[in-house]
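I have placed the structure first, in the form of structure tokens, so that the comments after it can refer back to it.
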Amino acid sequence: MSTENEANHNGDGAEAPENLPDRRGSERLAAPVVRTGMFGTTTTGDTSGYGGLRVRGSAPAASSRPFTDPEDPRTADFDRVADDLEAALGEGAGAVERIVVDRGEITFHVRRDALVEVARALRDDPALRYELCTGVSGVHFPDDTDRELHAVYHFRSITHNSQIRVETTCPDADPHVPSIVSVYPTNDWHERETWDFFGIVFDGHPGLTRIQMPDDWHGHPQRKDYPLGGIPVEYRGATVPPPDERRSYK
Amino acid sequence: MTVTEDYIDASGGDWDEVIERAQATSAERLVVNMGPQHPSTHGVLRLILTLDGETCTEARVGIGYLHTGIEKNMEYRTWTQGTTFVTRMDYLTPLFNETAYCLAVERLLDVSDRIPERANVIRVLVMELNRMASHFVAMATFGMELGATTVMTNGFREREMILDILELITGLRMNHAYVRPGGVAQDLPPGVVGKIRELLKEMPKRIATMRKLLDENPVYLARTRDVAYLNLPGCMALGVTGPLLRASGLAWDLRKAKPYCGYEDYEFDIPVSDGGDVYARYRVRMAEMTESLKIVEQCLDKLRPGPVMIEDAKIGWPAKLALGPDGMGNSPDHIAHIMSGSMEALIHHFKLVTEGFRVPAGQAYAAVESAKGELGCHAVSDGGTRPYRVHFRDPSFTHLQAVAAMCEGGTVADVIAAVASIDPVMGGVDR
Amino acid sequence: MGLEEKLPSGIALTTVEQIVGLARKSSMWPATFGLACCAIEMMSVGGPHYDLARFGMEKFGATPRQADLMIVAGRVSQKMAPVLRQIYDQMPEPKWVIAMGVCASSGGMFNNYAIVQGVDHIVPVDIYLPGCPPRPEMLLDAVLKLHDKVQNTKLGAHREQEITETEERMLRRSLPLVSKD
């Protein structure tokens with residue numbers, strides 16, 4: 001083992017110029033660049049003279065066919081799934097607002113009123129057979145006006161060994177999303193948790209009560225407008241503010 | 001205390017008073033509050049049981065007594081610091097939590113296929129060791145809750161052997177924060193391969209001892225056979241995965257179905273049983289430990305010298321650590337380079353460590369087969385240096401929903417066996 | 001020393017305080033209060049490798065009414081806090097508390113909405129044990145330190161005097177590193 005370790009210590013040539021820490025990984029930067037400059041500084045805060053960092057483009061808003069990229073094996077069944085879902089929904093296919101393929105994962109953005117229908121099609125259609133729903137995850141985007149609250153579902157098909165994501169949104173003023181517990185009973189607690197943390201009301205849930213927080217808790221703590229709630233920590237006379245009130249590196 | 005015609009609510013209060021009131025009415029059903037602080041509920045789990053004599057007619061589960069706000073807390077730390085938080089969720093499977101999280105972050109960064117081979121082998125190695133440790137604790141606590149202290153002492157003794165190795169590798173017995181986005185925190189220390197080989201020799205004997213103790217034990221069989229039965233449709237409806245699903249007859253394992261970290265290159269079997277009861281789950285866990293040993297052995301053969309952190313200065317922290325005089329792990333080459341070689345590298349290092357790297361906006365879901373089932377991590381980035389939202393789909397959380405299906409109609413003693421066979425870890429359930 | 005030398009063998013003299021302390025420390029029964037990661041290490045301490053039975057403490061009480069030491073092992077959430085206090089109240093006097101791990105001691109790394117920032121907000125703590133989680137050896141050390149404390153606890157009027165003195169000493173104490181002026 002020790003020889004192996006030593007070889008490893010000297011083996012990969014940290015002194016070679018192309019491997020110096022400030023050179024390595026430059027090929028990743030070939031991707032589209034949306035912004036250059038120091039780590040996120042928007043003002044003239046860059047006093048280092050090191051402006052090499054480039055920020056790549058954000059996730060695509062929507063993808064178009066074909067969804068299957070022959071170069072990427074992870075996307076192999078995306079075209080088939082999209083076709084099958086469209087066929088299964090029939091006239092209701094308009095419920096799928098857009099489809100995003102990003103980083104080898106496919107996301108169906110679904111109108112909230114059609115969510116149960118889509119879930120039922122995903123579970124029951126023989127060509128789809130997404131037997132397993134791995135829960136719902138809430139995400140809060142305060143700046144995404146009228147679509148502030150997102151509910152993200154992941155479905156897994158054991159029959160076809162496939163995995164997709166379904167995303168639906170609701171405005172903060174009307175935080176209602178239909179519950180899919182009637183289709184996937186496993187989502188019972190997951191929806192309660194998302195209600196507890198984000199305040200999304202899942203209509204039709206058999207018993208939508210708080211699950212993690214105490215019953216008399218006020219607010220929904222994992223929303224972005226809810227403070228982290230830490231206290232200042234005093235140590236030998238000096239005080240450190242809680243993490244969300246500290247000076248932040250942007 | 002509430003007494004109605006129908007039932008007596010005995011959650012809290014004085015037993016004498018409960019009995020007195022019960023005798024005064026004709027109510028036969030008793031609502032008992034078990035937990036959240038009860039020695040048999042596997043942590044801070046609260047069970048609200050309606051009992052008709054010894055029979056449990058209704059079982060409800062109360063959770064949230066260990067809610068830690070980990071997902072929210074991570075939003076105020078860098079992506080790398082996130083590993084120190086996720087490792088504390090399900091504290092019996094810390095390395096699975098870290099790996100699931102790191103796989104999600106790597107997918108967001110789109111560097112999944114650039115993780116060094118050696119880092120992947122080490123990840124598989126520590127995960128499989130961790131799986132054995134977790135299963136031993138599952139056995140141990142199961143025994144303890146049923147009143148078999150020998151099982152508990154044996155389980156913890158065996159687990160110590162694995163913890164010694166994990167401590168040698170990561171520096172900590174639990175909460176390792178060893179797997180990092182881009183690779184692992186540091187290379188294997190000298191001498192660890194020999195230690196693991198010793199373990200590989202010793203562990204089959206220990207597993208055999210435990211099987212000898214329990215496999216045919218009439219008391220154990222009486223407590224576990226045909227108890228807490230859950231069939232395959234029930235598992236599917238409730239989203240049950242992992243050993244519970246495999247004990248109901250479906251050979252579903254993400255390591256085979258959606259291989260990650262190079263699991264497709266390892267030879268191992270998926271133990272299945274169609275018993276669907278507590279005993280079948282025990283047998284599946286035991287068989288999985290043997291399979292884990294096989295994988296660990298293959299890991300040792302696959303270990304080739306090489307880097308353990310991604311060759312990308314924008315992401316990878318120095319991973320060639322040596323023990324410094326202060327007892328901390330430092331990377332002497334790296335320090336020499338940034339302190340006397342290159343000013344830019346020093347600035348870069350400072351920025352990387354204080355701010356962290358930026359992750360392109362988007363979302364990703366990565367899942368691993370943890371010791372308990374499918375552990376999924378849904379990570380959302382807004383392009384910043386800190387996670388925008390990280391959510392974990394913890395198997396224990398999902399599985400606890402099955403308590404009602406497993407327990408209702410059984411005796412109250414079987415509730416204990418049912419909950420213990422799920423092997424929920426409340427840190428993971430409540431996060 | 002006078003009297004001791006005149007005693008027959010087999011008789012020793014001591015104070016009531018010392019005898020009470022010896023009795024109390026020698027059969028301390030902890031209540032199982034495992035919450036999170038530290039609970040696993042606490043169970044390891046009860047296991048064969050570390051063997052808490054050497055100190056007469058292997059009997060982890062299932063009921064708080066038969067326990068006199070509460071080892072708060074893990075993070076205490078806001079939801080758990082009332083339960084913890086109730087269990088503490090159910091324990092008979094005299095009773096002691098070990099805050100095991102940084103989460104129980106101070107909230108640790110979880111400085112947020114969900115976690116009580118130190119269990120001393122709810123119950124009085126005798127020993128703060130750092131570590132995340134503390135090694136089993138550290139818990140043994142904390143237990144031994146607590147035994148020492150229990151052994152040397154004074155009784156009655158002496159105890160009151162001791163408390164007053166300790167309080168005055170703590171108020172006078174100056175903190176190193178950062179001056180408090």
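The table below lists the values:
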read-out	value
Subset of segment B:394-424 (residues that are closer than 15 Å to B:L230 by Cα and of a type in the set (A, V, I, L, M))	B:L400, B:A402, B:V403, B:A404, B:A405, B:M406, B:V415, B:A417, B:A418, B:V419, B:A420, B:I422
Residues that are of a type in the set (V, I, T) and away from chain A (no Cβ under 14 Å), drawn from segment C:107-148	C:V119, C:I122, C:V123, C:V125, C:I127, C:V143
Residue among B:T80, B:T150, B:T99, B:T141 that alone is part of a helix (DSSP H, G or I) and closer than 30 Å to A:G229 by Cβ	B:T99
Residue among C:Q161, C:Q117 that alone is free of Cβ contacts under 8 Å to residues at least 40 places away in the same chain and surrounded by 19 or more Cβ atoms within 10 Å (Cβ to Cβ)	C:Q117
Positions within segment A:83-101 being of a type in the set (A, V, I, L, M) and either under 15 Å from A:R165 (Cα atoms) or modelled with pLDDT of 80 or more (or both), in sequence order	A:L85, A:A87, A:A88, A:L89, A:A95, A:V96, A:I99, A:V100, A:V101
Residue satisfying condition, being surrounded by fewer than 19 Cβ atoms within 10 Å (Cβ to Cβ), away from chain B (no Cβ under 13 Å) and touching a residue at least 24 places away in the same chain (Cβ under 8 Å), within set A:R129, A:R74, A:R120	A:R120
Helices (runs of 4 or more DSSP H) lying entirely in segment C:1-106 (those with 2 or more residues that are buried (at least 16 other Cβ atoms within 10 Å of the Cβ), within 12 Å of chain B (Cβ to nearest Cβ) and not charged (D, E, K, R))	C:37-46, C:81-90, C:101-106
Given (1) part of a strand (DSSP E or B); (2) in contact with a Phe, Trp or Tyr (Cβ under 9 Å, 6 or more places away or on another chain); (3) within 14 Å of chain C (Cβ to nearest Cβ), index of the condition B:V31 fails	(3)
Flag if B:T80 is of a type in the set (V, I, T), within 22 Å of B:M174 (Cβ to Cβ) and in contact with a helix residue (DSSP H, G or I) (Cβ under 7 Å, 6 or more places away or on another chain)	no
Flag if B:R255 is charged (D, E, K, R), more than 16 Å from B:Q298 (Cα to Cα) and buried (at least 17 other Cβ atoms within 10 Å of the Cβ)	no
Those residues of segment B:381-399 which are surrounded by fewer than 24 Cβ atoms within 10 Å (Cβ to Cβ) and out of contact with any Asp or Glu (no Cβ under 9 Å at 6 or more places or on another chain), in sequence order	B:D382, B:G383, B:G384
Condition met for A:P70 (assigned to a loop (DSSP other than H, G, I, E, B) and modelled with pLDDT of 85 or more)	no
Any hit, segment B:244-254, residues being outside any loop (DSSP other than H, G, I, E, B), out of contact with any Cys (no Cβ under 9 Å at 6 or more places or on another chain), touching a residue at least 12 places away in the same chain (Cβ under 8 Å) and closer than 26 Å to B:Y229 by Cβ	yes
Residue that is surrounded by the fewest Cβ atoms within 10 Å (Cβ to Cβ) [pool: residues in segment B:173-194 that are touching a residue at least 12 places away in the same chain (Cβ under 8 Å), more than 14 Å from chain A (Cβ to nearest Cβ) and assigned to a loop (DSSP other than H, G, I, E, B)]	B:N175
Some residue of segment B:305-322 being in contact (Cβ under 8 Å) with a residue 24 or more places away in the chain, more than 7 Å from every other protein chain (Cβ to nearest Cβ), of a type outside the set (A, V, I, L, M) and not in a loop (DSSP other than H, G, I, E, B)	no
Which listed residue is over 30 Å from C:G107 (Cβ atoms), of a type in the set (S, T, Y) and in a loop (DSSP other than H, G, I, E, B), from A:T168, A:T159	A:T159
Criterion violated by B:L200 - all others in (1) in contact with a helix residue (DSSP H, G or I) (Cβ under 7 Å, 6 or more places away or on another chain); (2) within 12 Å of chain A (Cβ to nearest Cβ) satisfied	(2)
Selection within segment B:52-77 - in a helix (DSSP H, G or I), more than 25 Å from B:A402 (Cα to Cα) and either in contact (Cβ under 8 Å) with a residue 24 or more places away in the chain or among the acidic types (D, E) (or both)	B:M74
Criterion (in contact with a strand residue (DSSP E or B) (Cβ under 9 Å, 6 or more places away or on another chain), closer than 30 Å to A:W195 by Cα and modelled with pLDDT of 85 or more) met by exactly one of A:R120, A:R129, A:R80	A:R129
Matching residues in segment C:58-93 - criterion: being of a type outside the set (V, I, T), touching a residue at least 40 places away in the same chain (Cβ under 8 Å) and within 18 Å of C:C37 (Cβ to Cβ)	C:M70, C:A73, C:G74, C:R75, C:M80, C:L84
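The values are calculated or read from the model by the stated rules, or taken from the named source; none is laboratory data. Predicted model, so just to flag it, every value in this text is computed and none were measured. Note that we place each Cβ from the backbone using ideal geometry, even for glycine, and neighbour counts take in every protein chain shown.
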